[in-house]
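**Q** I am attaching a structure below and will ask some questions about it afterwards.
The values are calculated or read from the model by the stated rules, or taken from the named source; none is laboratory data. Every value quoted in this text rests on a predicted model; they were computed, and no experiment measured them. Cβ sites come from the backbone with ideal geometry, for glycine too, and all protein chains shown count toward neighbours. SASA here: full protein model, heavy atoms, side chains in, ligands and nucleic acids out. Shrake-Rupley method; radii C 1.70, N 1.55, O 1.52, S 1.80 Å.
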Amino acid sequence: MQRLNGFLRQNESIPNIHQQMSKTINNLKYRQMKHVLITILAILYFTSCNNISTTKMATTEHEKIVKQYYDHFNNHEWVKMAEMYSETSDFKDPSLGNGIVKQTRQQIVEKYSGLSKIFPDVKDEIVQVYPSSDKHIIVEFISTGTTSDGSKFELPICTIFTIENGKITKDFTYYDNFEEPEQ
């Protein structure tokens, strides 16, 4: 036993070396894990930033298109407004009937030219724009106008635009087209 104690006293540094090596190894593992974790977080951060900027770019472009669209509408520039659509576009609009109706640019011009004959001061005021995806933007607006006999209307409307390659390909418009019952 004394020999063992003597041996341990002479070699006290062996357990210390072992402890220091264990600490060093653990420290290296910690640093490696920390480095790996930081690298993964950096990759995720930069990847998400790229996706956000792409979406923001698309949204900004869509918002510009929508603003231009309503400027043309409010100035009764029906040909310019119709040129913002693809050659033939899909419409959901209670004024066109049920379901999806295909309309050409010429039909769009004719529809809105007829509308402005009935309501010469027809105007749309945007309430809110809701970017939805890289192809869609939703616009909430109020349409107002006056007939030649002085009758006025105010109609809340919501339109979902699908925009592809800078052109409107779908125009899905929703509003309450029922007249209120007379009392």
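**Q** On alpha-carbon atoms, Rg over Rh for segment 59-183 using Kirkwood Rh? Kindly include the intermediate steps, with their values, before the conclusion.
**A** Values: Rg = 14.4 Å, Rh = 15.0 Å.
Radius of gyration relative to Kirkwood radius: 0.96.
**Q** Grab the alpha carbons of segment 56-117, take their convex hull, and tell me the volume per residue in Å³. List each step's numbers first, then the result.
**A** Details: hull volume 5.7 nm³, N = 62.
Per-residue hull volume (Cα only) is 93 Å³.
**Q** Find how much the distance from HIS76 to LYS117 grows on full extension, using 0.36 nm per residue of separation minus their present alpha carbon separation; answer in nm with one decimal. Walk me through the numbers before you get to the answer.
**A** Working: separation 41, 0.36 × 41 = 14.76 nm, distance 1.07 nm.
Using 0.36 nm per residue and subtracting the Cα-Cα distance, I get 13.7 nm.
**Q** Provide the per-residue ³J(HN,Hα) series for segment 107-116, in order, calculated from phi with Karplus coefficients 6.51, -1.76, 1.60 and θ = phi - 60°, each as a whole number of Hz, with x at glycine and proline positions.
**A** Coupling constants for segment 107-116: 5, 5, 4, 4, 4, 6, 5, x, 4, 6 Hz.
**Q** Largest first and in whole Å, give the semi-axes of segment 84-158's equivalent ellipsoid, each being the square root of 5 times a Cα gyration tensor eigenvalue.
**A** Values: eigenvalues 107, 66, 23 Å².
Value: 23, 18, 11 Å, ordered largest first.
**Q** Further question: Can you give me the long-range amide H partners of VAL122? Hydrogens built in the peptide plane at 1.01 Å from N, cutoff under 5 Å, separation of 5 or more residues or another chain.
**A** THR146
**Q** Pairs LYS67/LYS117; LYS92/LYS135; LYS117/LYS167; LYS111/LYS135; LYS67/LYS167; LYS135/LYS167: which exceed 21 Å Cα-Cα? Write down the numbers at each step before the final one.
**A** Values: LYS67/LYS117 24 Å; LYS92/LYS135 17 Å; LYS117/LYS167 27 Å; LYS111/LYS135 25 Å; LYS67/LYS167 13 Å; LYS135/LYS167 10 Å.
Check vs 21 Å cut-off fails for LYS67/LYS117; LYS117/LYS167; LYS111/LYS135.
**Q** Related question: In sequence order, what are the phi-derived ³J(HN,Hα) couplings for segment 131-146 according to the Karplus relation 6.51 cos²θ - 1.76 cosθ + 1.60 with θ = phi - 60°, rounded to whole Hz, with x for glycine and proline?
**A** Ordered by residue, 3J(HN,Hα) equals x, 10, 6, 6, 10, 10, 8, 10, 10, 9, 8, 10, 9, 10, x, 9 Hz.
**Q** OK, next. Along the Cα→Cβ direction, 7 angstrom out, place labels at ASN98 and THR147. What is the inter-label distance in nm?
**A** Label-label distance for ASN98 and THR147, simple model: 2.7 nm.
**Q** Could you check how much of the accessible area of segment 61-162 is carbon and sulfur, as a whole percent, using a 1.4 Å probe? Spell out each step's value before the answer.
**A** Details: 2940 of 5700 Å².
Here it works out to 52 percent.
**Q** Further question: Please list, ordered by chain and number, the residues whose modelled amide H lies under 5 Å from the amide H of HIS136; skip anything fewer than 5 residues away on the same chain.
**A** Close amide H contacts, sequence-distant or interchain: ILE163.
**Q** Per-residue HN-Hα couplings for segment 69-86, Karplus 6.51 cos²θ - 1.76 cosθ + 1.60 at θ = phi - 60°, whole Hz, x for Gly and Pro?
**A** Couplings: 4, 6, 4, 4, 4, 5, 8, 6, 8, 5, 5, 4, 5, 5, 5, 7, 8, 5 Hz.
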